[in-house]
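The next block holds one structure in the form of structure tokens; read it before the comments.
The values are calculated or read from the model by the stated rules, or taken from the named source; none is laboratory data. As the structure is a prediction and not an experimental result, all values here were calculated from the model. Because the Cβ atoms are built from the backbone with ideal geometry, glycine has one as well, and the counts that use them run over all protein chains shown.
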Amino acid sequence: MTSFYLSKPYEPPQAPANLALGEPWALFGSISPDQFMARYWHKKPLLIRGAIPAFTLSTQDGALLDSPISAKELLKFALQDEVEARLVKSNPWSFDNGPFSKRAIPSINKPDWTLLLQGMEAHHPAAAKILSWFRFIPDARLDDLMISIAGIGGGVGPHFDSYDVFLIQMSGRRQWKISEQKDLSLNPNLPLKILRNFKPEQEWVLEPGDMLYLPPHVAHDGIALDGGCQTWSVGFRSPSFKELLQEGLWRLAESLENIPALESKFADPQQGATHNAEQLPEELIKQLGSKLKELKLDQIDGFLPGITAYLSEPKQQALFDAPDRPLKPNAFLKKLGANRLLPHLQTRILSLGKQVYCNGESMTQGQATDILSAWQSISAHKELRVGRLKQPDQSSLYEAYLAGWLVFEH
Ligand code: SIN
Ligand code: CO
């Protein structure tokens, strides 16, 4: 549908800061983020026609809009090592991981294939801007923005995900069928996770600008109705308690390294003579119990720094390059006074109260108050506007700049 008309790329705006959460947002048609979260989030599917009104308006005034990223530009990402890409063919079903050679990717005019590009917010600013609209949901829940591009008939088959997902139609049309069926058994004979008995309950054709929200475990099947069909999926992760507790406990154990008093040895001058020599001494159990209490190891607060650090880890394939010609501390300070400092697109930042964690590490512990508030601003607003700082060479801010985790706006 797109190739017959002259079209121009949609340029998604950055979400303004502090948009009212109780007012209707175009993204949700006539409801507010507050209402969306209360009625639908993690509960039931929602179809929103014209979630991006610019597309609807463009069909009315004749200046058609298309995806911010052209098919040609998108397909090139599948050739790169640093982009996680998968190719699914549906007739018969086959599956391959990237990076791909140019020849391995079917032409847009060929049917029954789809290419999935993961983590696109790190590779294209338009994808990062689309994500900025979803910051009414905690950053800790965000996984990434995946873009699929397909030939007519292409799709990944009927399946379910364990994640919440917003499926935004960006180019061409896609037919979505969904079902809240209980039977989620998979077909054992296929190379992909495809449901054995998919029984669609609802179906829609999504046009560019429409969006479908699905909570975890709702069965769905999306089939491209046009060559070059693009769906942008904003996906949210939900770690298991096992993962959270294991990661938290592991980091908590590591943090004990920094407490010299723990080198002192268990002493048992009160130990009496015993007939049960095989038993772990009562005295040891008692003293260990009071150590756990004293160190607050039996309280949730002790786990949270480790868990926040863990959840702020970047994706496995994230790569950070140090700046080509790094500024010396004073030049860094001067530039901070005039330019915005931004997280690199692959950087993850999370806060726990006033403490800030970036790419798996604490950035604020033991730092001066001006550095602390600089990090708090970067964490909350994803930018630091014109900072006035002292002693940048000893700060975690300067170190994060040297590591390529923070970059100056061009
Ligand atoms: C797609 O974009 O084709 C697949 C997205 C999904 O079903 O999760
Ligand atoms: Co899915």
Residue among Glu282, Glu263, Glu243 that alone is in contact with a helix residue (DSSP H, G or I) (Cβ under 9 Å, 6 or more places away or on another chain), modelled with pLDDT of 90 or more and surrounded by fewer than 18 Cβ atoms within 10 Å (Cβ to Cβ): Glu243
Filtered residues of region 367-393 (kept if at positive phi and at pLDDT below 90): Val386, Gln391
Test for Ser185: is it away from ligand 2 (no atom under 15 Å from the Cβ), among the small types (Gly, Ala, Ser) and under 27 Å from the mean Cα position of the chain (by Cα): no
Meets criteria (of a type outside the set (Phe, Trp, Tyr) and under 21 Å from Arg174 (Cβ atoms)) for Ile69: yes
Filter result for Leu304 (hydrophobic (A, V, I, L, M, F, W, C) and assigned to a helix (DSSP H, G or I)): yes
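Quick grid of which residues meet (1) over 15 Å from Met146 (Cα atoms); (2) assigned to a helix (DSSP H, G or I); (3) touching a strand residue (DSSP E or B) at 6+ places or on another chain (Cβ under 8 Å); (4) acidic (Asp, Glu):
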position	(1), (2), (3), (4)
Ala38	yes, yes, no, no
Lys43	yes, no, no, no
Thr56	yes, yes, no, no
Ala63	yes, no, yes, no
Asp81	yes, no, no, yes
Elements of type strands (runs of 3 or more DSSP E) in region 131-181, at least 3 residues being among the charged types (D, E, K, R), within 15 Å of ligand 2 (Cβ to nearest atom) and surrounded by fewer than 22 Cβ atoms within 10 Å (Cβ to Cβ): none
Strands (runs of 3 or more DSSP E) completely within region 189-241 that count 1 or more residues being more than 13 Å from ligand 2 (Cβ to nearest atom) and aliphatic (A, V, I, L, M): 202-206, 211-214, 219-224
Residue ID - farthest from Tyr10 (Cα to Cα), chosen from residues in region 161-171 that are more than 9 Å from ligand 1 (Cβ to nearest atom) and of a type in the set (A, V, I, L, M, F, W, C): Phe166
